[in-house]
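Peer 1: Quick one: this structure, given as structure tokens, is what I'll be asking you about.
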Amino acid sequence: MRFVFKTRYEQDIRLARHEGHLFWYGLLVLLLLAAPWALSEYALAQLTFVLIYSVVGLGLMLLAGFTGLFSIGHAAFLGVGAYTQAVLSNAGWPFPLSLAAAALLSSAVGVVVGLPALRVKGIYLGIATLAFGFIVEEALARWESVTGGNAGMHVKAPGIGAWKIDSDLEFYFLCLAVALLATLAVLNLLRSPTGRAFVAIRDSEVSAQSMGIHLARYKTLSFAISAALAGLGGALYAHKIQFLSPDQFSIVQSIDLLLMVVIGGLGSVHGAFLGAIFLIAMPQLIAVGKDSLPDAIGQAPGLQSLVYGLVLIGFVLFEPLGLYGRWLKVRTFFSMFPFYRRGMFRRQKAFQKSDRLR
């Protein structure tokens, strides 16, 4: 088992805690760079969707997992970013400018939505964000002169000047670059005073306020950053599917996003990526499993929703820390074998979340 003895403050805020992290994450990046030549065209498209949803998941993880503010209408920010990107790209804007505009507009909308978080929390905040999601979906459907309404609108390929990113390979590397930059930005934010303030608010608002943390400012900031990342993911999503309609950003999409971070593991950056893999892989697994089921079950229209509900209930009951929490237990088991005891993680419930997830 690896022990890291910290003797300097710089060690506590270092991105990579030890050389093993540098090796394994470096190897992962190399595998992602080589993926287009090792995967089929369909598998590469699914991996691209994983990267897009990971960017959105990072934003929702920052809001729900690290600040403790749950949003049930997060697909609205995804839609704002997607439609902003589509309108500006079709108008001829260069991709970097339209991407920045999508993130900024989503962030501004996030500030407006974050205002109710200053007075309400828990289920009441969820209802407020849910209502906002319905408002945005209806606005996208009614504003036909800009969004095309329910008829939808096509999205041009991203480009910079005469260079058009119109191949699957080029777009995959674009999504990979955005996902890596977003991950580094979130990691640096979390080790800054702002990120530590988010975690303090999540663990105890009373304690955070007693330490001088301005709750209204940091809650609003968390909503703004989370919405900006959702807007970035929405911009990439618009170019990937190349056609937008309001029903793509409904309450079902918001529930899928919330399900993604809960199953991935609340309070961990890894959980955003694990949840995105789950969100993309689960429909494929269900489609494969339908063939081995009786027609009365396999052809049922609500099979996917039923499976999602059962999986969520199973994680809430047996693995509240999600896929990343299960990985922590598996890793600890092998690193401490044969001295691992089942009660080890159960005893840690007495500590704060920030202590249990390190």
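The values are calculated or read from the model by the stated rules, or taken from the named source; none is laboratory data. Note that the coordinates shown come from a computational prediction; the quantities given were computed from them, not determined experimentally. Every residue, glycine among them, receives a Cβ derived from its backbone with ideal geometry; neighbour counts consider all protein chains shown. Remember, those area values only see protein heavy atoms, side chains included, never the ligands or the DNA or RNA. Shrake-Rupley method; radii C 1.70, N 1.55, O 1.52, S 1.80 Å.
Peer 1: Return the FRET efficiency for the residue pair residue 292, residue 184: r is the Cβ-Cβ distance, R0 is 45 Å, and the value is rounded to the nearest 0.05.
Peer 2: Result of the calculation: an efficiency of 0.60.
Peer 1: In whole percent, what relative contact order does the stretch 227-300 give with Cα contacts below 8 Å and a gap of six or more residues?
Peer 2: Details: 33 pairs, mean separation 11.0, N = 74.
Reported relative contact order: 15 percent.
Peer 1: Still on this structure, I have one more. Under the definition of Cα pairs under 8 Å and six or more residues apart, what whole-number percent is the relative contact order of the chain?
Peer 2: That works out to 28 percent.
Peer 1: Could you order peptides 221-230, 165-174 by the average number of other Cβ atoms within 10 Å of their residues, highest first? Don't jump to the answer; show the numbers that get you there.
Peer 2: Numbers: 221-230: 27.0, 165-174: 15.2.
Going from most to least packed, we get 221-230, 165-174.
Peer 1: Top to bottom by accessible area (1.4 Å), largest first, where do 269, 288 land?
Peer 2: Values: 269 20, 288 105 Å².
Of 269, 288, the descending order of accessible area is 288, 269.
Peer 1: Quickly rank 246-257, 51-62 as a protection proxy: mean count of other C-beta atoms within 10 Å, highest first.
Peer 2: Output ranking for 246-257, 51-62: 51-62, 246-257.
Peer 1: Quickly work out the residue 124-to-residue 22 label distance, labels modelled 7 Å from Cα along the C-beta direction, and quote it in nm with one decimal.
Peer 2: 5.0 nm
Peer 1: Could you work out the relative contact order of the stretch 45-129, using alpha carbon pairs under 8 angstrom and six or more residues apart, expressed as a whole percent?
Peer 2: Over the stretch 45-129, the number comes to 34 percent.
Peer 1: Determine the gain in length on full extension of the stretch residue 142-residue 333; use 0.36 nm per residue of separation and subtract their C-alpha separation, reporting nm with one decimal.
Peer 2: Here the segment from residue 142 to residue 333 would lengthen by 63.3 nm.
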